Amino acid sequence: MDRSKETVSTLGRMPSTRRHWSRAALLTSVGLMLAGCANNAPQDIFEPKGENSKKIDTLQRPVFYIAGVVALIVIGVVGYAMWKFKDRGQDIPEQTHGNPKLEIALTILPAIILAGISVPTVITVFQLDKKTDAECIINVTGQQWWWEYDYATGQCGDVKIDKPIVTAGELVIPEKTNVLLRITSRDVIHSYWIPALNGKRDAVPGRLHTLRMQADQPGIYTGQCTEFCGLSHSRMRQAAVALTAGDFQKWVDNQMKDYVAPEAGSLAAEGEAVFTANCSKCHQINDLKNADGSPVLSEPDLYVVPGVAPNLSHLMNRTAFAGWTFDLLTDECRVKLWNAKPADFGAMYLKGITPECFEQVALRDWLRNPPGMKPMFVDPNNLSSTGGKYRGMPNLNLKPDQIDQLIAYLLGRN
Amino acid sequence: MFTTGSKLFLGATALSIVSAIVFGASVGGSAGMLGTIGLISVSVVFAFLAGINLFTRDGNLAATESDVERNAAAAQAGVGRSMWPLAAALGAGGLVVGTISKPVVFKVSFIVLLAAAAEWMVQGFSERVSADSKYNEGIRKRLLHPLEFPLLASVGAAVFIYSFSRIMLNIDKDAGRWVFMVIGAIITAVGFVFAAKRGMGKSTVAGIITVGALALVGVGIASAVSGQHPIEPHPAATAAVCLGTASEVQIEEVDAKASQSVAAKSNPLANVYLTSDEQLYALNTGIGNVQYHEITVPRSNAVHVLFHNDSAEPRRLTVHLGTFKAKDGSEGSEEAECTTALEKGGTAFLSFKINKSQLASSTPYRLTVPGVEDQEIKLLVP
Amino acid sequence: MAIIERPAAVPATVGSVAAPEVVTPTQALGVFRRPVSSSGWKSWLFTVDHKKLGIMYGAVALFFFLVGGVEALLIRLQLAAPDNTVLSADQYNQMFTMHATTMVFLFVMPMAAAFANYFLPLQIGARDVAFPRINALGFWLFLFGGLFLNSSWLLGGAADGGWFMYSPNSSALFSPSHGIDFWVLGLQITGIASLIGALNLIVTVLNMRAPGMKLMQMPVFTWMVLVVQFLLLFAMPVITVALFLLSFQRNFGATFFDVNQGADPLLWQHLFWIFGHPEVYIIILPSFGIISEVLPTFARKPLFGYKFVVFSGAAIGFVGWGVWAHHMFASGLGPVSVAVFSVATMLIAIPTGVKIVNWTLTLWGGKLWFTTAMLYAIGVIVLFTIGGVSGVTHAVAPSDTQQTDTYHIVAHFHYVIVGGAVMGLFSGFYYWWPKMFGKMLSERLGKWNFWLMFFGVNLTFGPMHILGLQGQPRRMVVWPEKLTGDGFFDMHFWNQVASVGSFVIGLGVLIFVINIFWTWKKAPLAPLDPWDARTLEWITASPPKEHNFDRIPTVHALDEFFHRKYEEMDTEDGPRLVKVKSAEEVLAEEESHADAHIHLPSPSYWPIVLSAALPIIAYGVIYNLMLSVIGTAILLLAVFGWCLEPSVADDSDYDPPAGGDSTKELATLG
């Protein structure tokens, strides 16, 4: 309640009451006065924050108005007729069979309205499909039940990316830059959707679909997989984070920095051993080395159906994990970040998960029993259809002290 | 008109006459004379008895009762012709032939035999249901039509489809589409004529359809006999072919009559161009004008790149898929996949999937064009 | 339905002195005689009477409506609070899959079939449908298919892929339980029912109309049913093919949708929606037909623009085939397809709009009588309009990429299906109950029923518009607390409103069930023509006799019955419509000229036996093919029985003399 009285934020704050009213006018038609939508609903489709979503918004607003007005007129006329022509003992009316002229007029009228709507619709469809003017391309791959982002080497806006960056869940993009997502899937069909930035695009295995993304200002924009993709569909979430060019450079630099091994003998160093022994079969941490100096190879293609597991090199630079479902930030820190002013957002975001903002409970629960937190297809007795491969993360039966060590280790992955 | 008894005696008469002639001709002497006379006497007796029987209607009814004569079982039309004994015999014969020749003959004969037995049985049964042959025929139909119609329809459709497929396989690939269109057009046109000319005689329609069906089946059989049009064997490109280490012959086999164009159903990850001066570069989908020499490829992802050859030579695009240790620890050989060799201006899709990080491979992942030196596009697989 | 005539003269065999044995078809071959009971349970099990079948269709569909309703309530309970745990993710996925499947395939479609079966022959003045045994087969296939489909709940879990069953999520790799196998085979079985029903009704309408009735004099309900049957005729084969492909992929290793073998999963989406979009009109048009009967009756004037309504129905039927890809705007079809389908989708709004305008103008200038049936019909106009205009917002493709797969879509199609189709069916219940059972449903309970449902629908699905626009996606077992937003009217609030609303609808339906029982036990007999109705089905007794009409009425006009009752008279105030005959008088006139010979089809054992074989085959496909062999044997046996059974029971049973006392009355149910 207090938060709703704060000043304008990056998120779904209603900038004017006019928009409130317009939606309300539409929805009176269903007999519900929309006295107030939720403030700050981060996936509100009437809160565009980028060029593409604004195009959609300009198109859909008049359509909603027209639709609302048409509904109100029809309901009004029906209501009036019900009152006016109620049986009050009048004569049985003349048995007329209609009025062709009126009929034709009332057929042409909606045709004209719809023709009027169709022209801007077609124009917008083609504008939103343009794919030659991107300044940055990112490969987005859906799988059960999380998203992977592969940043192609080359220019991304003003920033040069020298070696591939792989992250999961949280898409980081430079603001005011035409980003083109190249979306596909490794298993079933998913759909990528960041309502504040653009509409949905399905991720279909075997096909590559493109989706334009552009954010006007720094901030975090949440989304959700919107094509039903099985057991944990509801726990396959995502977010897009827009940063200024300078902040994006810092983020890229951080992603490319060398591996920082934990101090020998520390709890985290024990964690590294636990990680190498248990987690690295599937999860890659870039440049992690075995004791003999050889690189630790993750081979998720041998253990999980999609063939990939999230790259954890910079886990603590993301704000949520496991399909962007469970927070790594405490509630307080998260709200602060979500509501940060655009000018402050980048610095706050780049701090990553600091020990004071680290929400341990979910991560610990997760390490203890992943399928207990997020339904997945990992019962070892029931994997005949997949030839023994998991869909999701199985319970590794870690001991409490191993979990402590892992947490200490992972906290350093920023 | 002949009653049962008279038929017997008439037969016996005929037999004894024939016997007398044969005996007389073959046995000489007095014994022969005696026997011949005896047999002739017997035939006279039989002829007399036959006459009596005929006159008295076998002795059990008054000769004047014409109604009864008409209704007598013996006066009813004989049972109809039956093809089933013949079919059963053919089936049995085929069974024997099948055991010493081909199993398929045995199987077909077995089915024919079964079908004939069933049909024969039902026919035999139905002919004894009542004395009315029309009604009996109705019974037969009711028993067998539920089986016959679907089976015959399936067999008919199968023959039709099989004939058509033989024709299409026999003729040339390019002629095929014309034949298809022409046959389709003819069927449509004939259908139109039938629909328009409602007054057309039933037999005319049946005749036209029969001629069409026979023509189709006939040409189908002829086509089946003459065999299929040659289909180029197209061995898949092996790693050796892709890496240029295979023999000329193997390479030629892969490239023979290769398609030079593609119909893209969705976006490729990148378009790879070999320019006329044999420079190799890639355009990343989404960015129009930057020439890339390395592409980032997500792991375990089916990736499609579209290769365009603008050089004068026929060229193929090869993807080097790395070298991995075998299970026994020995060093493996480099894996590769490639397009067929493309003429100038040709395009082809190259689809591949890389499951392991580049760390796992002892050779780099990359795209090359065999025969073009120093040109490659690195594939970055994190 | 071959009829084999008995031999004209039976020849005596030679020498037989005793009376010659007469061989009649009834006794031929020692096959069962046809059943003859016209009362008791056998009369229902073996009936081929379109009215009994219609009642059974309705009863079973209502049962499945309750099943689907309970599933819906469980879904709403789960969504009433964030991160709720009423259902597990797996249960939830099964629940929404089966809710949709049950409501579409086992309630709305068969309920429309119930009305079509019962009233279509009556409205065109026929004694039965063209193929009565096939009609019975259709019903039993629907019942057994529905039971088979729902038996999956007890056999390892129901289908969990959503009713759209997108591949590859529906493959055995991603859905290893047998649920989807049950779903596929169950829908195949009910699909056969729809297909043969469609053929049957098309032939009936085209061939068996009463003398004088031209196509453009048919009641609008009959017209809409006819359009629907054509849609079914062309749509069912598409889904049948798609289901076969899926079935072969899951059970026999085919690779139609297997991406690793080079297949494109969008193939399934195209096949499904080429069926699925016409399906939408299959669901809604019968209801349009019903309210096009109800509105004129209670407005006391003919339907405004009869021809426009009929042609717009046919137009919807045609254009409905060209808009399927609007379910796939986010699938990545490319801008050309998206633009074309977007415009085509807007086009279909035009004939739909025509209907709404005509219904509204039918009310205009009328003498409105607000019975429950009328209230439901007006409810359809209002709710369908809301569903229709929200439909236009997603015809705009870019806008749809924001709305699709959110609760905005859920709101839209529930307004269309519950507000349009289901409310229309309820209008039909109240309007036709006295005709079917000779007793009126209580109007008092009916009003409660209507208002609870009307408010319930708005309370449940109205807030879903808001939820969807605020970004709550569909098919999610949980929605997280942190995305609810702030303020009193947050997503939490609206979800709770929707859940409360769903129970209000549930209460409304409960009252309807109570109303049925009350009517059955307590209600007095209904008058012959309680609504002063307009069409042929009211020119006969309530409930109609087994042979429907003593004399097939001759038709001279649209709204024949009305024109027999009313005539225009010149009075001092100018011409006025005056009632010249009561319904009883019209009926008495018809009965006094009863036809001398009425031939009705005999009941048959075989439809129920034949349809029972199909689930056995289907269980065999899932568990053990030997079972399929047994099922096939039963199937063949039934086909033989069907072909061999005599064409009539016994002539005397169903050939009552004029005014004879051997005409059997139907047992009343209501």
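The values are calculated or read from the model by the stated rules, or taken from the named source; none is laboratory data. Keep in mind the model is a prediction, meaning the values are calculated, not measured. Neighbour counts are summed over all protein chains in view; Cβ atoms, including those assigned to glycine, are modelled from backbone coordinates with ideal geometry.
Please pick out the residue among A:Val274, A:Val241, A:Val252 that is outside the structural domain of A:Glu170 (by TED's automatic domain parsing) and either more than 26 Å from A:Arg368 (Cβ to Cβ) or β-branched (Val, Ile, Thr) (or both). Going through A:Val274, A:Val241, A:Val252 in turn, just one is outside the structural domain of A:Glu170 (by TED's automatic domain parsing) and either more than 26 Å from A:Arg368 (Cβ to Cβ) or β-branched (Val, Ile, Thr) (or both): A:Val274. Could you say whether any residue in region B:270-281 is surrounded by fewer than 16 Cβ atoms within 10 Å (Cβ to Cβ) and within 49 Å of the chain's Cα centre (by Cα)? Checking region B:270-281: not a single residue is surrounded by fewer than 16 Cβ atoms within 10 Å (Cβ to Cβ) and within 49 Å of the chain's Cα centre (by Cα).
C:Ala136 satisfies every condition listed in (1) under 20 Å from C:Tyr281 (Cα atoms); (2) more than 14 Å from chain A (Cβ to nearest Cβ) except (1). Test C:Val382 against the criterion of being outside any loop (DSSP other than H, G, I, E, B) and within 25 Å of C:Ile239 (Cβ to Cβ), and give yes or no. In short, no.
Selection of region C:98-137 for residues being among the small types (Gly, Ala, Ser) and crowded, with 24+ Cβ neighbours inside 10 Å yields C:Ala112, C:Ala113, C:Ala114, C:Ala116, C:Gly125, C:Ala136.
Residues checked against (1) touching a Leu at 6+ places or on another chain (Cβ under 8 Å); (2) over 23 Å from C:Tyr407 (Cβ atoms); (3) at pLDDT below 90; (4) at the interface with another protein chain (Cβ under 7 Å from one of its Cβ atoms):
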{"site": "A:Lys5", "(1), (2), (3), (4)": "no, yes, yes, no"}
{"site": "A:Ser16", "(1), (2), (3), (4)": "no, yes, yes, no"}
{"site": "A:Val30", "(1), (2), (3), (4)": "no, no, yes, yes"}
{"site": "A:Leu34", "(1), (2), (3), (4)": "yes, no, yes, yes"}
{"site": "A:Leu72", "(1), (2), (3), (4)": "no, no, no, no"}
{"site": "A:Ile75", "(1), (2), (3), (4)": "no, no, no, yes"}
{"site": "A:Tyr80", "(1), (2), (3), (4)": "no, yes, no, no"}
{"site": "A:Trp83", "(1), (2), (3), (4)": "no, yes, no, no"}
{"site": "A:Ala115", "(1), (2), (3), (4)": "no, yes, no, no"}
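Only one of the numbered conditions (1) away from every other protein chain (no Cβ under 14 Å); (2) closer than 27 Å to C:Gly179 by Cα is violated by A:Ala261, and that is (2). In region C:358-388, of all residues being facing chain A (nearest Cβ under 7 Å) and of a type in the set (A, V, I, L, M), the one that is farthest from C:Val416 (Cα to Cα) corresponds to C:Leu368. For region B:155-185, how many residues meet the condition of being without any contact (Cβ under 8 Å) to a residue 24 or more places away in the chain and more than 30 Å from B:Lys257 (Cβ to Cβ)? The total comes to 4. Exactly one of these conditions fails for C:Phe174: (1) surrounded by fewer than 23 Cβ atoms within 10 Å (Cβ to Cβ); (2) in contact with a Lys or Arg (Cβ under 8 Å, 6 or more places away or on another chain). Give me its number. Just one mismatch for C:Phe174, condition (1). Scoring A:Val188 on the criteria (1) closer than 30 Å to C:Met165 by Cα; (2) in contact with an Asp or Glu (Cβ under 6 Å, 6 or more places away or on another chain) leaves a single failure, condition (2). Among the residues of region B:317-340, just one is farther than 25 Å from B:Ala258 by Cβ, of a type in the set (A, V, I, L, M, F, W, C) and either touching a strand residue (DSSP E or B) at 6+ places or on another chain (Cβ under 6 Å) or touching a residue at least 12 places away in the same chain (Cβ under 8 Å) (or both), namely B:Phe324. In region A:181-198, the residues that are more than 8 Å from chain C (Cβ to nearest Cβ) reach residues that are aromatic (Phe, Trp, Tyr) and assigned to a loop (DSSP other than H, G, I, E, B) with C-beta atoms within less than 9 angstrom, at least six apart or across chains, in these pairs: A:His190/A:Trp145. Scanning region A:117-132 for residues that are within 7 Å of another protein chain (Cβ to nearest Cβ) and not in a helix (DSSP H, G or I) returns A:Asp129, A:Lys131, A:Thr132. Which residue is farthest from C:Thr484 (Cα to Cα), if the candidates are limited to region A:40-60 and must be part of a loop (DSSP other than H, G, I, E, B), within 15 Å of the chain's Cα centre (by Cα) and not acidic (Asp, Glu)? This residue is A:Gly50. If only residues of region A:317-333 that are under 14 Å from A:Ala362 (Cα atoms) and not hydrophobic (A, V, I, L, M, F, W, C) are counted, the one that is surrounded by the most Cβ atoms within 10 Å (Cβ to Cβ) is A:Gly323.
Out of B:His308, B:His304, one residue alone is assigned to a strand (DSSP E or B), closer than 15 Å to B:Cys338 by Cα, within 14 Å of another protein chain (Cβ to nearest Cβ) and not aromatic (Phe, Trp, Tyr). It is B:His304.
In the set C:Ser175, C:Ser152, only one residue is modelled with pLDDT under 95 and over 16 Å from the mean Cα position of the chain (by Cα); that residue is C:Ser175.
In region C:182-201, the count of residues that are buried (at least 24 other Cβ atoms within 10 Å of the Cβ), in contact (Cβ under 8 Å) with a residue 40 or more places away in the chain, in contact with a Ser or Thr (Cβ under 6 Å, 6 or more places away or on another chain) and of a type outside the set (Phe, Trp, Tyr) is one or more.
How many residues does region B:208-248 hold that are surrounded by 12 or more Cβ atoms within 10 Å (Cβ to Cβ) and either of a type outside the set (Ser, Thr, Tyr) or within 14 Å of the chain's Cα centre (by Cα) (or both)?
Summing the residues that are surrounded by 12 or more Cβ atoms within 10 Å (Cβ to Cβ) and either of a type outside the set (Ser, Thr, Tyr) or within 14 Å of the chain's Cα centre (by Cα) (or both) in region B:208-248 gives 23.
In this structure, B:Ile17 does satisfy being farther than 20 Å from B:Asp58 by Cα, out of contact with any Cys (no Cβ under 9 Å at 6 or more places or on another chain) and touching a residue at least 24 places away in the same chain (Cβ under 8 Å). Pairing residues of region C:485-508 that are modelled with pLDDT under 90 with residues that are polar (S, T, N, Q) and assigned to a helix (DSSP H, G or I), at Cβ distances under 8 Å and at least 6 apart in sequence or on separate chains, gives C:Asp486/A:Ser4; C:Gly487/A:Ser4.
Looking only at region B:128-168, count how many residues are within 30 Å of B:Gly220 (Cβ to Cβ) and surrounded by 13 or more Cβ atoms within 10 Å (Cβ to Cβ).
Step one: of region B:128-168, the residues within 30 Å of B:Gly220 (Cβ to Cβ) are B:144-168.
Okay, now just the ones that are also surrounded by 13 or more Cβ atoms within 10 Å (Cβ to Cβ), so B:144-148, B:159-160, B:162-168.
Here the count works out to 14.
Scanning region C:464-477 for residues that are part of a loop (DSSP other than H, G, I, E, B), closer than 15 Å to A:Thr222 by Cβ and within 7 Å of chain A (Cβ to nearest Cβ) returns C:Gln470, C:Gly471, C:Met476. Out of all the residues in region B:105-116, is one or more at pLDDT 85 or above, within 21 Å of B:Glu137 (Cα to Cα), outside the structural domain of B:Leu10 (by TED's automatic domain parsing) and more than 25 Å from the chain's Cα centre (by Cα)? Checked region B:105-116: no residue is at pLDDT 85 or above, within 21 Å of B:Glu137 (Cα to Cα), outside the structural domain of B:Leu10 (by TED's automatic domain parsing) and more than 25 Å from the chain's Cα centre (by Cα).
Scanning region C:484-527 for residues that are farther than 20 Å from C:Leu77 by Cβ, at the interface with chain A (Cβ under 8 Å from one of its Cβ atoms) and not in a loop (DSSP other than H, G, I, E, B) yields a single hit, C:Asp486. Select from region A:229-256 the residues that are in contact with a Ser or Thr (Cβ under 9 Å, 6 or more places away or on another chain) and in a loop (DSSP other than H, G, I, E, B) and list them in ascending order. A:Cys229, A:Gly230, A:Ser232, A:Met236, listed by residue number. Of all residues in region A:257-311, those satisfying the criterion of being within 13 Å of A:Leu410 (Cα to Cα) and assigned to a helix (DSSP H, G or I) are A:Leu267, A:Ala268, A:Ala269, A:Glu270, A:Gly271, A:Glu272, A:Ala273, A:Val274, A:Phe275, A:Thr276, A:Cys279.
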